[in-house]
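A quick write-up on the structure given underneath.
The values are calculated or read from the model by the stated rules, or taken from the named source; none is laboratory data. All values reported here derive from a predicted model rather than from experimental measurement. FYI the Cβ positions are ideal-geometry reconstructions off the backbone, even for glycines, and counts take in every protein chain you see.
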Amino acid sequence: MENVAVKIAAITKLPVKFPLNHFVINLERCGGCGACIIVCPFDCISMQHFVPYYVTHKLSQCIGCGACQSTCPSDAIIARPSILGTCS
């Protein structure tokens, strides 16, 4: 189901939120590789001084697809239960 929603969001450019996905970056585990930034389909993640962060004004665009979490080689991105599907 998630793959279909991600494809729909990519094609229509409309945010589709998954109700249980809320992502947090564990900065103690993060190696600063930037893989999460590359795979985010809506550019919700940025980096400053090798420290990634979710861009506040773009959080409403986050669809909660989990691309950032699944690509992180350090397992630094953690999914948390959320009704809104936003990131922090």
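Quick notes on this structure:
- Filtered residues of segment 68-84 (kept if surrounded by fewer than 19 Cβ atoms within 10 Å (Cβ to Cβ) and at pLDDT 70 or above): 70, 71, 73, 74, 75, 78, 79, 80
- Close pairs (6 angstrom Cβ cut-off, 6 or more residues apart or separate chains): at positive phi in segment 62-82, not polar (S, T, N, Q) anywhere: 64/17; 64/18; 64/85
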